[in-house]
Amino acid sequence: MKIGIIAALDCEMEEFCRDFGAVDSGHYGIFSGKCKEHDVYICLAGVGKVNAAANTQRLIDLFGVDYVINSGVAGCTCNHLGVCDVVISKELTYHDFSPLDILDKYAPNASVFKANEKLVKLANDACAKIEDENFRYDTGMIVTGDIFVEDSTLVKKFRDNFGALCTEMEGAAVAHVCLLNKVPFVVIRAMSDNADEKADMSFNEMAAIAAKRAGFVSTYIISNL
Ligand code: ADE
């Protein structure tokens, strides 16, 4: 099986490269390695929707990946999770596309992108194995936009309007491209902050630690495919 991993930041991809013995693939920002019998292509995509979309399509076109995992950190937008907890995507949408139903009326005729159930189940199995009594996780809606959110009013809007568990800057774009290509995907996000007025400080302190937790879940998925 061929698996593509999309990571926005160095701290979200370094561990994969180490664990999978990855080497430069010869294609900009893409490293190739092995996990058991699987070929794994790890892409350092950069931040935001265009980077995510373009690099997801590159993974599909260059390597014909069978699955895509987007692994990284996010700002928590729900009340029952906190920093270092994990959100598994059930579905994703854009919080900065308006009016959103343009995507329903025209191509791709969907504004909410559903994750692959097998990958979601494996992610839940991985989280159930984490031995930390303070650790919590949930599966639900992730909202994506080209904004680093540090605004509790916006957080409430995401919760009220979308039922969002967390917000980040790539997931729905990865999901959108996977839908167009009929490639199964999942987004795994560990919380680096609460997307509130202290988000920047929390992110700087916690992103590398949270990214490791998302990495553990993503690696478990690949190891058990
Ligand atoms: N990724 C991590 N924290 C985030 C936030 N607060 N907003 C958007 N993306 C994020």
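The values are calculated or read from the model by the stated rules, or taken from the named source; none is laboratory data. Everything numeric here is computed off the predicted structure, so don't read it as measured data. Cβ atoms come from the backbone with ideal geometry, glycine included; neighbour counts cover every protein chain shown. What goes into the accessible areas is simple: the full protein's heavy atoms, side chains included, and nothing from ligands, DNA or RNA. Shrake-Rupley method; radii C 1.70, N 1.55, O 1.52, S 1.80 Å.
Key figures for this structure:
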quantity: Options Leu92, Leu81: the member that is under 24 Å from Asn194 (Cα atoms), of a type in the set (A, V, I, L, M, F, W, C), in contact with a Gly (Cβ under 7 Å, 6 or more places away or on another chain) and in contact (Cβ under 8 Å) with a residue 60 or more places away in the chain; calculated: Leu92
quantity: Selection count, the range 50-78, where residues are touching a residue at least 60 places away in the same chain (Cβ under 8 Å), open to solvent by less than 40 Å² (accessible area, probe 1.4 Å) and within 25 Å of Ala208 (Cβ to Cβ); calculated: 13
quantity: Residue in the range 177-206 that is least open to solvent (accessible area, probe 1.4 Å), counting only those that are more than 11 Å from the ligand (Cβ to nearest atom) and in a loop (DSSP other than H, G, I, E, B); calculated: Val183
quantity: Only one of Asp160, Asp138 that is in a helix (DSSP H, G or I) and modelled with pLDDT of 95 or more; calculated: Asp160
quantity: Count of the range 11-27 residues which are at pLDDT 95 or above, open to solvent by 40 Å² or more (accessible area, probe 1.4 Å), over 22 Å from Val183 (Cα atoms) and not in a strand (DSSP E or B); calculated: 2
quantity: Answer from Lys90, Lys36, Lys105 - the residue that is of a type in the set (Lys, Arg) and closer than 18 Å to Met169 by Cα; calculated: Lys90
quantity: Identity of the residue in the range 86-98, outside any strand (DSSP E or B) and within 13 Å of the ligand (Cβ to nearest atom), that ends up farthest from Ile209 (Cα to Cα); calculated: Asp96
quantity: First in the range 116-131 and open to solvent by less than 30 Å² (accessible area, probe 1.4 Å), second anywhere and in a loop (DSSP other than H, G, I, E, B), Cβ under 7 Å, 6 or more apart; calculated: Leu119/Pro184; Leu122/Asn224
quantity: Flag for Ser111 being surrounded by fewer than 12 Cβ atoms within 10 Å (Cβ to Cβ), more than 15 Å from the chain's Cα centre (by Cα) and in a loop (DSSP other than H, G, I, E, B); calculated: no
quantity: Boolean, Glu150 is open to solvent by 40 Å² or more (accessible area, probe 1.4 Å) and either within 9 Å of the ligand (Cβ to nearest atom) or not aromatic (Phe, Trp, Tyr) (or both); calculated: yes
quantity: Pairs with Cβ under 6 Å, 6+ apart, first in the range 166-178 and closer than 12 Å to Asn51 by Cα, second in a helix (DSSP H, G or I) and open to solvent by 10 Å² or more (accessible area, probe 1.4 Å); calculated: Ala173/Lys49; Ala173/Ala53; Val177/Ala53; Val177/Gln57
quantity: Failed criterion for Asn224 (all others in (1) over 23 Å from Glu15 (Cβ atoms); (2) away from the ligand (no atom under 13 Å from the Cβ); (3) of a type outside the set (Ser, Thr, Tyr); (4) in contact (Cβ under 8 Å) with a residue 12 or more places away in the chain hold); calculated: (1)
quantity: Test for Thr219: is it away from the ligand (no atom under 12 Å from the Cβ), surrounded by fewer than 24 Cβ atoms within 10 Å (Cβ to Cβ), in contact (Cβ under 8 Å) with a residue 12 or more places away in the chain and not in a helix (DSSP H, G or I); calculated: no
quantity: For Ser32: the one exception among (1) more than 16 Å from the ligand (Cβ to nearest atom); (2) surrounded by fewer than 24 Cβ atoms within 10 Å (Cβ to Cβ); (3) outside any strand (DSSP E or B); calculated: (3)
quantity: The range 132-147: number of residues that are within 13 Å of the ligand (Cβ to nearest atom) and open to solvent by 10 Å² or more (accessible area, probe 1.4 Å); calculated: 2
